[in-house]
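See structure below.
The values are calculated or read from the model by the stated rules, or taken from the named source; none is laboratory data. Predicted model only: the values in this text are computed from it and were never measured. Every residue, glycine as well, gets a Cβ built from its backbone with ideal geometry; the counts of neighbours run over all protein chains shown. Only protein heavy atoms, including side chains, enter the accessible area calculation; ligands, DNA and RNA are left aside. Shrake-Rupley method; radii C 1.70, N 1.55, O 1.52, S 1.80 Å.
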Amino acid sequence: MAMTASRMYAQPLWACKDMILALGKQQTILLQGHMGIGKSALLEALAEELPDHVPCYFDCTTKDLGDITIPDLRHLDDGSGFVRYLTNEELGAHNDKPIILMVDEYLKSNPSVKLALTRVMYERKIGSYTLHPDSIIFATTNLGEEGVGDLIAAHGANRLTVIEVAKPTPDEWIEWGINNDIDPIVLAWARNNDKAFADFRDVQEPDENDFIYHPRSQRAAFVTPRSLEAASNWFKVRDQITDSSLQAALIGTIGAPAAADIMAHLRLADQLPTWQSIIDDPHNALVPTSPGAVMMVVYKSLSSISRSCIDAWMDYMVRLSAEAQAVFVMQARQPNYKQRDVVYGCGKYSAWCLANNHLFTADKR
């Protein structure tokens, strides 16, 4: 059967991480969500939280039953009267330390693999091995409605806690993108294209939204957070290839409709001042006339700010529209913003906040 988690209670990735940290030692959580939204990246995030644990990645799509355990051929003739089995190294059972085991694409695995993994996911045991008591296990898979082969028997599902992972909103993805060096053109495009983050279950006909994956359409490429990151990588090397080559690469990464739309944003980049010109002469550096280009400058600043240039940026920023200034400040206030302390330590930023406090104060009339 295809498993369907509760969409109403879909959880953001950070909340899923907290749930795994809270009960992952006892209960295996199966994270079910749209493709390309960062489910697998949780292994790295959990490893940062638990540096004494050994992160272990087990890709179910590449495994068959013989890849789980095999006879220990060296001891078949030792007269012991039984066969010993060795487990796959990727399962991490050989470690004397606690592990974080991510069972990736669990529901796409062969039925025999699902059965073989049932005990390790439910009892923390496999063969003659018992995992360290502080070990954590979680699994990931796609939505059953995506129609990409995610199936499980009822008795297997009953051993798991199934949680749907929420698809990120544009604002959530942009916040992540600022901290992960996503190209400003891609960030500005995402800010103006909510439909790129839509849920296909809300789209009755595939043609209503030609940016995203839809199970009733045969799109070879489409927009996901993962493919947007790949598009960003192409933008970073655009000075080494032609515009035609860039568009061809984008078509093969995010699909033709989104590629054509984002290439229009690229043309706005011609209006952008260089970051160096802003730092060298903030009072006279070029200010773009297009609102979209202004947003690109703001996102560039958020990914490039340092203690040595924050004062110059603040001198330049006040020449931008009030909306653009507010976007910078709101993003800089996010708890996870990597340069938050740099911004907060700037006297000109503090002065701006005092002068513009009314923009962030609720209307009490």
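Here each label is just a point 7 Å from Cα along the line to Cβ, and for residue 44 and residue 61 those points are 1.8 nm apart. Residues whose amide H comes within less than 5 Å of that of residue 136, counting only those at least five positions distant or on another chain, are 99, 100, 101 (H built at 1.01 Å from N in the peptide plane). Axis angle, to the nearest 10 degrees, between helix 256-268 and the longest C-alpha principal axis of the chain: 30 degrees.
Over the chain, give the accessible area per residue in Å² for a 1.4 Å probe, as an integer.
With all protein chains present, the chain gives 50 Å² per residue.
I want to verify a result. In a Gaussian network model of the chain, Cα cutoff 10 Å, which of these has the top mean-square fluctuation: 16, 56, 346? Among 16, 56, 346, the largest mean-square fluctuation in the Gaussian network model of the chain belongs to 346. Each label was represented as a point 7 Å from its Cα along the Cα-to-Cβ direction; for residue 125 and residue 96 these points are 2.3 nm apart. Angle of helix 111-123 to the longest C-alpha principal axis of the chain, folded into 0 to 90 degrees and rounded to 10: 90°.
Taking Cα atoms only, the orientation of helix 170-179 departs from the longest principal axis of the chain by about 90 degrees.
Each of 289, 224 has its accessible area taken with a 1.4 Å probe; listed largest first, they run 289, 224. Scaled against 2.2 N^0.38 Å for its residue count N, the alpha carbon radius of gyration of the range 137-231 is 1.25.
Once Rg/Rh (Cα atoms, Kirkwood Rh) is calculated for the structure shown, the corresponding label among (1) 1.06; (2) 1.02; (3) 0.99 turns out to be (1).
Ranked from largest to smallest solvent-accessible area, with a 1.4 Å probe on the protein heavy atoms, 21, 320 come out as 21, 320. Per residue, the average separation of C-alpha pairs within less than 8 Å and at least 6 apart gives the range 236-327 a relative contact order of 23 percent. Of all lysines in the structure, those lying under 27 Å Cα to Cα from residue 167, and not within fewer than 8 positions of it along the same chain, are 17, 25, 39, 108, 114, 195, 236, 300, 338.
A straight chain from residue 14 to residue 290 at 0.36 nm per residue would run longer than the Cα-Cα distance by 95.9 nm. Using 0.36 nm per residue and subtracting the Cα-Cα separation, the extra length available between residue 333 and residue 280 on full extension is 16.5 nm. Contact order for the chain, expressed relative to its length and based on alpha carbon pairs under 8 Å spaced 6+ residues apart, stands at 16 percent.
Here the ratio of the Cα radius of gyration of the range 218-281 to 2.2 N^0.38 Å is 1.26.
Amide H to amide H, which residues 5 or more places from residue 30 or on other chains are under 5 Å from it, using H placed in the peptide plane? Under 5 Å from the amide H of residue 30 lie the amide H atoms of 139, 161, 162, 163, each far enough along the sequence or on another chain. Would you mind pulling out the separation of the Cα centroids of the range 4-29 and the range 254-303, in Å? What the calculation gives is 38 Å, centre to centre.
The phi-based Karplus calculation (6.51 cos²θ - 1.76 cosθ + 1.60; θ = phi - 60°) puts the 3J(HN,Hα) values of the range 127-142 at x, 8, 9, 10, 5, 3, x, 8, 5, 10, 10, 9, 10, 10, 6, 8 Hz, whole numbers, x for Gly and Pro. Label zone (residue 241, point 7 Å along Cα-to-C-beta; backbone nitrogen cut-off 16 Å) within the range 203-223: 221-222. Give me the distance between the Cα centres of the range 161-198 and the range 119-148, rounded to whole Å. That distance is 29 Å.
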